[in-house]
Amino acid sequence: MGRHKKGLDINGWLIIDKPRNTGSTDVVNLARRLFKAKKCGHCGTLDPFATGVLPIAFGEATKLIPFVTDGEKEYEFVVQWGEATDTADTEGNVCETSNKIPSREEIEAVIPSFVGEIEQVPPAYSAIKINGRRAYDLVRKGEAVEMPARRIHIYDLKFLEEIAGGKARFCVRCSKGTYIRALGQDLALALGTVGHLCELRRVRCGIFGLDDKISLESLKNIVYFEDLQKFLLPLETLLRDIAVIAVSEADALKLKMGQSLSPRTFDTESLCGKTAAAMCGGSLIAIVRIDERRIAPVRVFNINDKENSDVDYERTETRSN
């Protein structure tokens, strides 16, 4: 008989504004502890030096993580011209210098060449696996690493301002798999100089933005459990950009058992080949894939309406020192 996993069956989203010099895993572990949650995970790892939107999924929301990580990301970043580092950010050592500081006109002239589908070589200091091993582990051991180029999509890239000290601020909207450190490095090379990121902030991850966030420090200072829950977004929050179909209780039961439905009884002609959310009585039942022959469950959700009825709302030890 398996051991029962301890913790509360919390379901929903918590959007943390991750501070600098904090690891994404550290943020997740803290959130799990504060909410006494049985299960949680995060969407899109941020480097320790980066800040910004880090969505944390609790319980059944973890099944929706791919729908967030596969979505568009938006970042603001600052490039320090004239110095390249071996990590392409402030965490590394300076490995090359240049006296050239590009002008506003030069920067705006090269930006169009970085918009659209482009090839990018990720930084060697990354979590990408090479022959089953993390690239950054190989580099730290002194092994030569050849990073394969990958196709990414830059939907929009804007030059925002020049900053004293040979720096420039940008905003980018991009696809999954884009390395902003590599983008900053490549921008510098295209401008006939070298550079590295000295600031990186994610302002949007999928549908989640800064309007949804709470700072990590504020979260740590909340004393009462019911106050913590005020910052938990419903599981259905992700449905902002997903089509919804209403199903009966009988059809909901079929979907939960992994069975498909016939599209004939639903107005789904415009949704053929697309993903949708199946709802019953205001509750999310499943994420489904619709084609001409069937409505098939992709992710099924098992939420007990009384899941938190046994939560002790008295003062809990959630304050962190």
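The values are calculated or read from the model by the stated rules, or taken from the named source; none is laboratory data. In this text the structure is predicted, and so the values were computed from the model without any measurement. Here the Cβ positions follow ideal geometry from the backbone for every residue, glycine too, while neighbour counts run over all protein chains shown.
Annotations
- Residue in the range 160-176 that is more than 25 Å from Thr45 (Cα to Cα) and in contact with a helix residue (DSSP H, G or I) (Cβ under 8 Å, 6 or more places away or on another chain) present: yes
- Test result for Glu74, closer than 25 Å to Leu187 by Cα and in a strand (DSSP E or B): yes
- Qualifying residue in the range 287-301 (condition: in contact with an Asp or Glu (Cβ under 6 Å, 6 or more places away or on another chain), touching a residue at least 24 places away in the same chain (Cβ under 8 Å) and of a type in the set (Asp, Glu)): no
- Within the range 231-253, the set of residues being free of Cβ contacts under 8 Å to residues at least 60 places away in the same chain and touching a helix residue (DSSP H, G or I) at 6+ places or on another chain (Cβ under 6 Å) comprises just one member, Ala243.
- Members of the range 77-107 that are in contact with a strand residue (DSSP E or B) (Cβ under 7 Å, 6 or more places away or on another chain) and assigned to a helix (DSSP H, G or I): Arg104, Ile107
- Residue list for the range 160-175, filter: surrounded by fewer than 18 Cβ atoms within 10 Å (Cβ to Cβ), touching a Lys or Arg at 6+ places or on another chain (Cβ under 7 Å) and touching a residue at least 24 places away in the same chain (Cβ under 8 Å): Leu160, Glu162, Ile163, Cys171
- Single unsatisfied condition, Gly192 versus (1) of a type outside the set (Lys, Arg); (2) at pLDDT 95 or above; (3) surrounded by fewer than 16 Cβ atoms within 10 Å (Cβ to Cβ); (4) assigned to a helix (DSSP H, G or I): (4)
- Any pair with Cβ under 6 angstrom, 6 or more apart, that starts in the range 87-99 at a residue that is outside the structural domain of Leu189 (by TED's automatic domain parsing) and ends at one that is of a type in the set (Lys, Arg): none
- Single match in Ile152, Ile222 (criterion: within 23 Å of the chain's Cα centre (by Cα), of a type in the set (Val, Ile, Thr) and over 24 Å from Glu91 (Cα atoms)): Ile152
- When the residues of the range 1-57 are filtered to those that are farther than 19 Å from Phe301 by Cα, among the basic types (Lys, Arg) and in a loop (DSSP other than H, G, I, E, B), the one that is modelled with the lowest pLDDT is Arg3.
- Within the range 173-217, being aliphatic (A, V, I, L, M) and under 28 Å from Glu83 (Cβ atoms) holds for Ile180, Ala182, Leu183, Leu187, Ala188, Leu189, Ala190, Leu191, Val194, Leu197, Leu200, Val203.
- Residue that is in the same structural domain as Glu106 (by TED's automatic domain parsing) and not aromatic (Phe, Trp, Tyr), where the choices are Leu284, Leu187, Leu255, Leu261: Leu187
- Matching residues, the range 259-282, being small (Gly, Ala, Ser) and either surrounded by fewer than 19 Cβ atoms within 10 Å (Cβ to Cβ) or at pLDDT 95 or above (or both): Ser260, Ser262, Ser270, Gly273, Gly281, Gly282
- With respect to the conditions (1) touching a helix residue (DSSP H, G or I) at 6+ places or on another chain (Cβ under 9 Å); (2) surrounded by 13 or more Cβ atoms within 10 Å (Cβ to Cβ), Lys256 falls short on a single one, namely (1).
- Filter result for Glu91 (over 30 Å from Asn302 (Cβ atoms) and at pLDDT 95 or above): no
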